[in-house]
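The values are calculated or read from the model by the stated rules, or taken from the named source; none is laboratory data. Fair warning: this is a prediction, and the values are worked out from it, not measured in the lab. Counting neighbours? That spans all protein chains shown, and the Cβs are built from the backbone with ideal geometry, glycine included.
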Amino acid sequence: MNLIEAVITDIKKYEGISAVSFDASGLHVSMVALELDSKLQIGTKVRLKVKATNIALAKAIGSQISIANQLDTVVDEILNGEILCSIKLLLNDTPLESIITQRSALAMNIKKGDKIIALIKSNDISIASFEEEN
């Protein structure tokens, strides 16, 4: 499980759905939640979580796409398997892991040090924990 430290910068609620924006070390990250803890507010420090299998990768974005979270990362390590490949990334100083097929990794010709865009749909992010105000 990937964990990203962030601070809530905006919350929009409508009919039980919340759109939440975050600052994660200067990067904008967003998520959509069906049940948002009522203690969460702008300025709350949170730890976001996302599964490695929910992070898609791109070397470039050729046209507009609907994935809100497009995070610039650098490949730190590649662990090749027979079918799947674990790509270890660095988002600034935060380690992330993406699990993609070996076929995709070969087609993309991913190498250590490559700049890669980590793509995460807003509904694939959740809040793992947060710091409550005293």
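Within the range 79-93, the residues that satisfy the criterion of being of a type outside the set (D, E, K, R) and either touching a strand residue (DSSP E or B) at 6+ places or on another chain (Cβ under 6 Å) or at pLDDT below 95 (or both) are Leu79, Asn80, Gly81, Leu84, Cys85, Ser86, Ile87, Leu89, Leu90, Leu91, Asn92. A search for C-beta distances below 8 Å between a residue of the range 62-74 that is polar (S, T, N, Q) and any residue that is modelled with pLDDT under 90 and surrounded by fewer than 12 Cβ atoms within 10 Å (Cβ to Cβ), counting only pairs 6+ apart in sequence or on different chains, returns Gln70/Ile61.
Rundown of residues vs (1) at pLDDT 95 or above; (2) touching a strand residue (DSSP E or B) at 6+ places or on another chain (Cβ under 7 Å); (3) not β-branched (Val, Ile, Thr), yes/no style:
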residue	(1), (2), (3)
Val46	yes, yes, no
Ile55	yes, yes, no
Ile65	no, no, no
Val75	yes, yes, no
Ser98	yes, yes, yes
Lys112	yes, yes, yes
Ser122	yes, yes, yes
Ile125	yes, yes, no
Ala128	no, yes, yes
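In this entry, Lys49 passes the filter for residues that are surrounded by 14 or more Cβ atoms within 10 Å (Cβ to Cβ), touching a residue at least 60 places away in the same chain (Cβ under 8 Å) and closer than 20 Å to Ser129 by Cα. Residues in the range 58-82 that are in a loop (DSSP other than H, G, I, E, B) and either under 18 Å from the mean Cα position of the chain (by Cα) or more than 23 Å from Phe22 (Cβ to Cβ) (or both): Lys59, Ala60, Ile61, Gly62, Ser63, Ile65, Ser66, Ile67, Ala68, Gly81, Glu82.
Within the range 4-27, the residues that satisfy the criterion of being surrounded by fewer than 17 Cβ atoms within 10 Å (Cβ to Cβ), of a type outside the set (Asp, Glu) and free of Cβ contacts under 8 Å to residues at least 40 places away in the same chain are Val7, Thr9, Ile11, Lys12, Lys13, Tyr14, Gly16, Ile17, Ser18. In the range 29-46, the residue that is surrounded by the most Cβ atoms within 10 Å (Cβ to Cβ) out of those that are over 10 Å from the mean Cα position of the chain (by Cα) and not in a loop (DSSP other than H, G, I, E, B) is Val46.
Residues in the range 83-100: is at least one surrounded by 15 or more Cβ atoms within 10 Å (Cβ to Cβ) and part of a loop (DSSP other than H, G, I, E, B)? Checking the range 83-100: not a single residue is surrounded by 15 or more Cβ atoms within 10 Å (Cβ to Cβ) and part of a loop (DSSP other than H, G, I, E, B). Scan the range 110-126 and give yes if some residue there is hydrophobic (A, V, I, L, M, F, W, C) and surrounded by fewer than 15 Cβ atoms within 10 Å (Cβ to Cβ), otherwise no. For the range 110-126, residues hydrophobic (A, V, I, L, M, F, W, C) and surrounded by fewer than 15 Cβ atoms within 10 Å (Cβ to Cβ): absent. Do we find a residue being in contact with a Leu (Cβ under 7 Å, 6 or more places away or on another chain), over 26 Å from Thr44 (Cβ atoms), of a type outside the set (Gly, Ala, Ser) and part of a strand (DSSP E or B) anywhere in the range 121-130? The answer is no, given that none of the residues of the range 121-130 is in contact with a Leu (Cβ under 7 Å, 6 or more places away or on another chain), over 26 Å from Thr44 (Cβ atoms), of a type outside the set (Gly, Ala, Ser) and part of a strand (DSSP E or B).
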